[in-house]
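This report refers to the structure that appears directly beneath it.
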Amino acid sequence: MATIQKRGNSYRLRASAGYDAKGKQIVRSMTWTPAPGMTKKQIAKELERQKVKFDEQVKTGQFLDGNIKFQEFSEEWFESYGKEHLRERTYQRYKELSVRTYAAIGHIPIQKLQPQHLLAFYRQLGSEGIRAGAETAVPRERFQELLADRQWTQAFLSQTSGLAPSTIGAAVKGKSISSKSASAIAQAFEEPVENLFTLKKDQTPLSSKTIRHYHTFISSVLERAVKWQLIPGNPCHRIDPPKVDHKEIKFMQEGELERFIECLSQEPIEYQSAFLILVLTGMRRGELMGLEWPDIDLEEGRIMIRRTSQYSAQKGIYTDTTKTEQSKRSISIPQELCQKLREYRAWQNEQRLKMGDQWDSAWQNSPRLFCQWNGKPMHPGAPYQELQKYLKRIGLERMSLHSLRHTNATLLIGAGTDLRTVSGRLGHSQASTTLNIYSHQLKTADKAAAEILSQKVLHGKASG
């Protein structure tokens, strides 16, 4: 039960909210001041009512005040707000970011959190050695030997270890992976991790983009504290967010695209379809993997984007909403793609009949375009692995699936398509997003337009 302590003309109420992770009691407090003119009897009655109300609020987690520390409030934010309003990938990413954040500012009450605390944290994140204690794992020869001896495919190892195909692919290529991923692989092989990997301390500083993610996380938490009227303002708004070093977008040049399309007919039909959809629509990877056959209107030549397919270590492959409401959209597609999708649907139906009872029964309700051999949704990372193999076979440089999206946007801009149409097809929330990403391509298109006007108007007038 809450306790009451008289302090001059006011009363301080205190109640226990349980214990923290270290076993320390968490105490909440509030101050109540009687209204002028209240009698002793009225004060006593109202004070008792405030005491019962306050005690109930504390027990049910409804009472928070500005003295609450950032870590405590953040955990409350995850529970009361994040689980319902954040996308799964964002929620898990913020949980990862919270570890370093709590170590730096978790002990500071949110009402005392100042811009200088945040700036010091960001400087720390950008310094060398911030990853001290973290380890990377470099594959040993023993890893490759075991993989060959047991005749395990990358797909099988991915399924057995619970890791993304891209992580397995990196290990197979001899690239470093996280020590956590290395442990999962070692467990799958039932071998000590030291036999398969060389563990090294990671001393590299965090990228500016990652530091910006920390800023976004902290700002999101504090913005909710403002809306809940626990603090008057968000200190994140009083500093410039960390600058992100924008990398130049990568897309296929005309000759590369011609070869990419020309050789595609030799690939498995599911990847012919996937790569053509990406080049001709510019949709995101998650949107591609979330496509179901009812989303495809082959008569009208349109694809509806209604959902995405994602992967996380916590949930495996799962269905999620689109990135934004504007990402739900209808995209026109050419008849050549419609014909390819007809061929692909016929092939998939044949596979489904061959598999019989082994085909996933859930496919009837959610008939995904891109499936595993048994009809279950394909891992979102699988097309990337196939793209890398394909690019290597045809002699083109490595690029991401997102580069196919950039290729689509660049082609549209180069063809003179208006910015709003390009933005709508890409599913951007605002045309300004498209402008920011493809500013260089738009300038090139603008210059080409000026040259066309010069030829059509000025030179045409001169020759007349």
### Task
Tell me which of these Thr33 doesn't satisfy, since it passes every other one: (1) more than 36 Å from the chain's Cα centre (by Cα); (2) at pLDDT 90 or above.
(2)
### Query
Within region 291-301, is there a residue that is of a type in the set (A, V, I, L, M) and under 17 Å from Arg425 (Cα atoms)?
yes
### Summary
Filtering region 264-313 for residues that are in a loop (DSSP other than H, G, I, E, B), open to solvent by less than 10 Å² (accessible area, probe 1.4 Å) and out of contact with any Leu (no Cβ under 7 Å at 6 or more places or on another chain) leaves a count of 3
## Note on the structure
Residue count, region 193-230, condition open to solvent by 40 Å² or more (accessible area, probe 1.4 Å), in a loop (DSSP other than H, G, I, E, B) and either more than 15 Å from Val244 (Cβ to Cβ) or in contact (Cβ under 8 Å) with a residue 40 or more places away in the chain (or both), comes to 5
### Task
Taking only region 1-28 into account, find how many residues are out of contact with any Phe, Trp or Tyr (no Cβ under 9 Å at 6 or more places or on another chain), small (Gly, Ala, Ser) and open to solvent by less than 100 Å² (accessible area, probe 1.4 Å).
4
### Message
Which of the numbered conditions does Glu300 fail, given that it passes all the others? Conditions: (1) in contact (Cβ under 8 Å) with a residue 24 or more places away in the chain; (2) farther than 16 Å from Glu386 by Cβ; (3) among the acidic types (Asp, Glu).
### Response
(1)
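For (1) crowded, with 17+ Cβ neighbours inside 10 Å; (2) in contact with a helix residue (DSSP H, G or I) (Cβ under 6 Å, 6 or more places away or on another chain); (3) of a type outside the set (S, T, N, Q), each residue gets a yes or a no:
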| position | (1), (2), (3) |
| --- | --- |
| Leu353 | no, no, yes |
| Trp363 | yes, no, yes |
| Met378 | yes, no, yes |
| Lys389 | no, no, yes |
| Leu401 | yes, yes, yes |
| Asp418 | no, no, yes |
### Query
Which condition does Ile105 not pass, out of (1) more than 30 Å from Thr322 (Cα to Cα); (2) among the β-branched types (Val, Ile, Thr); (3) open to solvent by 30 Å² or more (accessible area, probe 1.4 Å), if it passes all the others?
(3)
### Task
Hey, can you tell me all the residues within region 318-334 that are under 13 Å from the mean Cα position of the chain (by Cα), open to solvent by 50 Å² or more (accessible area, probe 1.4 Å) and of a type in the set (Ser, Thr, Tyr)?
Thr321
### Query
If you check Tyr122 against the conditions, is it of a type in the set (Ser, Thr, Tyr), surrounded by 15 or more Cβ atoms within 10 Å (Cβ to Cβ), in contact with a Pro (Cβ under 6 Å, 6 or more places away or on another chain) and under 14 Å from Ile218 (Cα atoms)?
yes
### Filter pass, Thr281 being more than 23 Å from Lys95 (Cβ to Cβ) and among the polar types (S, T, N, Q)
yes
### Message
With among the small types (Gly, Ala, Ser) and in contact (Cβ under 8 Å) with a residue 24 or more places away in the chain as the only criterion, which of Gly82, Gly106, Gly37 stands out?
### Response
Gly106
### Query
In region 172-192, how many residues are assigned to a helix (DSSP H, G or I), more than 18 Å from Ala313 (Cβ to Cβ) and touching a Gly at 6+ places or on another chain (Cβ under 9 Å)?
0
### Task
Can you give me the number of residues within region 365-376 that are assigned to a loop (DSSP other than H, G, I, E, B) and either of a type in the set (S, T, N, Q) or open to solvent by less than 40 Å² (accessible area, probe 1.4 Å) (or both)?
8
### Message
Out of the residues in region 150-183 meeting the condition of being on the phi > 0 side of the Ramachandran plot and in contact (Cβ under 8 Å) with a residue 12 or more places away in the chain, tell me which one is surrounded by the fewest Cβ atoms within 10 Å (Cβ to Cβ).
### Response
Gly174
### Task
Considering (1) over 20 Å from His107 (Cβ atoms); (2) modelled with pLDDT of 90 or more; (3) open to solvent by less than 30 Å² (accessible area, probe 1.4 Å), say which one Arg49 fails and leave the rest.
(3)
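The values are calculated or read from the model by the stated rules, or taken from the named source; none is laboratory data. For clarity, every value in this text was computed on a predicted model and none was experimentally measured. Ideal geometry is used to build each Cβ from the backbone, glycine not excepted, and the neighbour counts take in all protein chains shown. For the accessible areas, the whole protein counts, side chains as well, though only heavy atoms, and no ligand, DNA or RNA atoms are used. Shrake-Rupley method; radii C 1.70, N 1.55, O 1.52, S 1.80 Å.
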